[in-house]
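Student: I am attaching a structure below and will ask some questions about it afterwards.
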Amino acid sequence: MSVALLKIGVVLSTMAMITNWMSQTLPSLVGLNTTKLSVTAGGTADRSTGVLPANPEESWQVYSSAQDTEGRCVCTVVAPQQTMCSRDARTKQLRQLLEKVQNMTQSIQVLDQRTQRDLQYVERMEVQLRGLETKFKQVEESHKQNLARQYRAIKAKMEELRPLIPVLEEYKADAKLVLQFKEELQNLTSVLNELQEEIGAYDYEELQNRLSNLEERLRACMQKLACGKLTGISDPITIKTSGSRFGSWMTDPLAPEDDNRVWYMDGYHNNRFVREYKSLYDFMNSDNFTSHRLPHPWSGTGQVVYNGSIYFNKFQSHTIIKFDFKTSVISKSRQLDYAGYNNMYHYSWGGHSDIDLMVDEGGLWAVYATNQNAGNIVISKLNPNTLQIIKSWTTNHPKRSAGEAFMICGTLYVTNGYSGGTKVYYAFSTNSSTYEYIDIPFQNKYSHISMLDYNPKDRALYAWNNGHQVLYNVTLFHVIRSEQER
């Protein structure tokens, strides 16, 4: 860019010099400054400088003169003949100079054309260079932003993984212990096989002691596995399509292994009938059920079946009722003091969902809101026999802003909504009385969740999604407790 500009400066300087020289030199060469003829007001000529040529034919001649109406002199002059000028040496020099000037003019024109072409090229290059410079800046900024974002992501991941180091160390020790158990079991199996061949060859009491000792060690190892933290939710499994848009369905987490009954409650208010299906297979493939009539209609979809009884919120009240299916009577009822009801503090989807009863590994819970806690969620641990509150925790999460909620291992998990894109984004731990914001997405397949409860026996979430009964498997991260924590 600097070379082209230098060329332009040289050309302009040269043209200026030539113009100045011609204005100063040419007049003297052609004789235009030797004689000055002036006409006075009286009509007489005044020769101020120089001498006119002796031969009048070689000079300017007066052809006629006259006077206008205002008295000014008007003259007609005849220029010298060209034949006379051609003999003049100065005329020859003038022609030579004119030829040189013409040659220089042509050269200047050629140089000017080249300079204009170079200037256009430089201007195009300047535009391209500015564009490249802008692109380089954009790439550099994007690269810096990507590096910063990747660094933050890696740092956050490292912070998540850092607590796993001692856990993995514990798992290594447990893996060795499991291998020892496996070897001892193999030895006992070999001993039992030999006993079948030779009865009385070994001391049965000693063998029984070894087996009891192994069983105790296995039980101690299992007790080291504490409750887990929710880390993932699977894609939905649609079990059945039935009922209205709202409802609840569940199984009993404390039922015996051979008791696989399914309990089904359609609607969220002004209904009293609970369906009992003998198994999940019957629930999926038939309409064979037993109907139980409750003494009062329920409110919302927060009912649970726990240890053979159903716990529900009585319609238009803050009363919790325990109804025994075997005796078909109310075994206990109690008011949940200060709890909002009758759509005062419902979930964001409405439906009289003011009081939500839940079950997890720790027992029976009630989730609701009070005026004393400014409409924010309150968690209460309940005695399943007396329905008395064992302990309560207040949170800072508004009940009306929650889509749904469920308990896992003493931690309340709250969703950000009930329709469209849904995720679990808030968790309150009753073990530490602390909360955190999390991000665990799950698929809301049918776009309207009106019930979401955890079953600790199945380790699954039961959901009622717009007239569809759906299951979600959950992934829990298990923390191994140390000897001091047990």
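Student: If you roll a 1.4 angstrom probe over the protein chains with everything in place, what fraction of the accessible area of the stretch 258-370 belongs to carbon and sulfur, to the nearest %?
Tutor: Summing carbon and sulfur atoms, their accessible area is 42 percent of the total for the stretch 258-370.
Student: If you don't mind, another one. Can you list the HN-Hα couplings for the stretch 89-102, worked out from phi with the Karplus curve (6.51, -1.76, 1.60; θ = phi - 60°), rounded to whole Hz and with x for Gly and Pro?
Tutor: 3J(HN,Hα) across the stretch 89-102, in whole Hz: 5, 5, 5, 5, 4, 5, 4, 4, 5, 4, 4, 5, 5, 4.
Student: With a Förster radius of 35 Å, plug the Cβ-Cβ distance of residue 229 and residue 293 into 1/(1 + (r/R0)^6) and report the FRET value to the nearest 0.05.
Tutor: Calculated value: 0.30.
Student: Evaluate E = 1/(1 + (r/R0)^6) for residue 439 and residue 374, where r is the Cβ-Cβ distance and R0 equals 30 Å; express this FRET efficiency to the nearest 0.05.
Tutor: For R0 = 30 Å, the calculated efficiency reads 0.70.
Student: Starting with the highest mean, order 110-123, 453-466 by the number of other Cβ atoms within 10 Å, averaged over the residues of each peptide.
Tutor: 453-466, 110-123
Student: Also, quick follow-up: Roughly what would the spin-label model give for residue 139 and residue 475, points 7 Å off Cα along C-beta, in nm?
Tutor: It works out to 3.8 nm between the two label points.
Student: Ok, one more. Around residue 473, with a cut-off of 12 angstrom between Cβ atoms, what is the net charge of the other residues, counting Lys and Arg +1 and Asp and Glu -1?
Tutor: Charge balance near residue 473 sits at -1.
Student: Moving on to the next point. What length, rounded to one decimal in nm, is gained on full extension from residue 97 through to residue 338, with 0.36 nm per residue of separation minus their alpha-carbon distance?
Tutor: 75.3 nm
Student: At residue 328 and residue 191, where each label point lies 7 Å from the Cα along Cα→Cβ, what is the point-to-point distance in nanometres?
Tutor: The two pseudo-label positions are separated by 5.5 nm.
Student: Moving on. Run the simple label-point estimate for residue 237 and residue 419 please: 7 Å along Cα→C-beta, distance reported in nm.
Tutor: Between residue 237 and residue 419, the label points sit 2.9 nm apart.
The values are calculated or read from the model by the stated rules, or taken from the named source; none is laboratory data. Predicted model only: the values in this text are computed from it and were never measured. Ideal geometry is used to build each Cβ from the backbone, glycine not excepted, and the neighbour counts take in all protein chains shown. For accessibility, only protein heavy atoms count, side chains too; no ligands or nucleic acids. Shrake-Rupley method; radii C 1.70, N 1.55, O 1.52, S 1.80 Å.
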